[in-house]
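The values are calculated or read from the model by the stated rules, or taken from the named source; none is laboratory data. Just so it is clear, the structure is predicted and the values come from calculations on it, not from any experiment. FYI the Cβ positions are ideal-geometry reconstructions off the backbone, even for glycines, and counts take in every protein chain you see. Protein only, heavy atoms only, side chains kept; ligands, DNA and RNA dropped before computing areas. Shrake-Rupley method; radii C 1.70, N 1.55, O 1.52, S 1.80 Å.
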Amino acid sequence: MPAVFLKDRSLLLVSGAEAQSFLQNLITTDITSLGADEARPGALLTPQGKILFDFMIWQDGDGYMIETDAGQRDGLLKRLTMYKLRAAVTLATSTEEGVTVSWSEDAEGSQGVRDSQGVRDSRFAKAGVTLIRRPGKHGDGNEALYDALRISHGIVTSGSDFALQDAFPHDVLMDFNGGLSFRKGCYVGQEVVSRMQHRGTARRRVVTVSAATTLPETGTEITAGGKPVGTLGSVEGGSGLAIVRIDRAGAAMAAGTPLLAGETPVSLVLPAWSGLVFPTSGDEASA
C-alpha cells in the first residue's frame, strides 16, 4: 500500500462559531453535507466564475481544514481574511507541513486504509480508489506513484494541469467530483457556473492522454488537423492529462482525423467515473 509525502501541500485551519456559514457562502463545496471522514475538492472563484484558488477541505473538530498548494496558501489566507469582516471565524496556518497520501484499489486493502486516521478523498472514491489524505509526513513513497494514479483516473491539479484564473470548475470536472454544488445558496461566482450548468455550455473537459511512446512535455499543444483542441498537462511516460475542447476532439475522432501532442500521435479518453462521452456534433457531452 503506497504512502507518498506531498511536500508542496500546505494547510489552513478555519474555526469558530460561524466557520461553516462563512465558508458555505464563499466556496463551491457544499460543506453542510460533508462526511466526518471525507475530504472534498473545492474552489474559491473569481466573480466571473473562474478558479482563483483550489483545495481539498474536510472537517477538523468544530472547524475545517483546507489543504492547498504551498504556493497558494498565503494568497488564500489573505483572500479569506478579506471576506472575514466581523464573522466569528479564526483563520490560521497549520503547524503541520505537507500531506501524506496512501491508497488501495482493492477491497481487502481498503480496511487497512480506513484505520489510518486520515480522511478519504472523494475524487478518488468516485473512481473506485480508497485514497486517504493525512497532514504531515507518514511515508516516503515516490511522488511519481501518486502522479501516475492521478493521471490514470483523470484527477487534475492546478499548476501542472491548469492555470488558476484560467479554468472554470466545469473544465476540471468539479461538477462531477463533489466540489461544485448547484443546490446550496449563493457563493462567489455561483451565477456564472450555474448558468453554464443549466445551459449546457461546458465544452472544455479533462481527458487522459495515451501514446505508444513517451509524451512530450507539459504545455505541449494537442491538435487535430492542425487546429488546437487543448494542452497537455501532467505527464508520466506515455500517459498524461489534458483539458481539451471535447466537441472538437469528438468531431475529429468521428472523422478519423489524427490527434497529435506536438508530433506524437495520441488517443484521448474521458474519465469513466464522469459518465461523459465525446460529442460528435455541437451538443454538450452527456452521460
> For segment 48-111, what is the largest minus smallest coordinate of the Cα atoms on each principal axis, given in angstrom and ordered from greatest to least?
Replying inline: 48, 29, 22
> When the dipole is taken about the Cα centre of the chain, and only Lys, Arg (+1) and Asp, Glu (-1) are charged at their Cβ, what size is it in debye, to the nearest 20?
Replying inline: 860
>> Going by average Cβ density within 10 Å per residue, which order do the peptides 169-176, 26-33 take, highest to lowest?
In response: 169-176, 26-33
> Between Thr280 and Leu145, what length comes free when the chain is fully extended (0.36 nm per residue of separation minus the Cα-Cα distance, one decimal in nm)?
Replying inline: 45.1 nm
> Out of Val119, Thr90, Ala36, whose Cα points farthest toward the positive end of the dipole of the chain (charges: +1 Lys, Arg; -1 Asp, Glu; placed on Cβ)?
Replying inline: Thr90
> If you line up the Cα atoms of the chain on their principal axes, what length do they span on each, largest first, in Å?
Replying inline: 58, 42, 31
>> Could you give the length gained by full extension between Gln48 and Thr32, i.e. 0.36 nm per residue of separation minus their alpha carbon distance, to one decimal place?
In response: 3.3 nm
>> Rolling a 1.4 Å sphere over the protein heavy atoms, what is the accessible area per residue of segment 140-233, to the nearest Å²?
In response: 46
> With +1 on each Lys and Arg Cβ and -1 on each Asp and Glu Cβ, how big is the dipole of segment 158-287 about its Cα centre, in debye rounded to the nearest 20?
Replying inline: 440
>> Let me check against my output: what whole-number percent is the relative contact order of segment 202-266, with C-alpha pairs under 8 Å and at least 6 apart?
In response: 39
>> Please compute the length gained on full extension between Lys137 and Phe182, using 0.36 nm multiplied by the number of residues separating them and subtracting their Cα-Cα distance.
In response: 12.7 nm
> Around Gly154, what is the net charge, scoring Lys/Arg as +1 and Asp/Glu as -1 over all other residues with Cβ under 11 Å from its Cβ?
Replying inline: +3
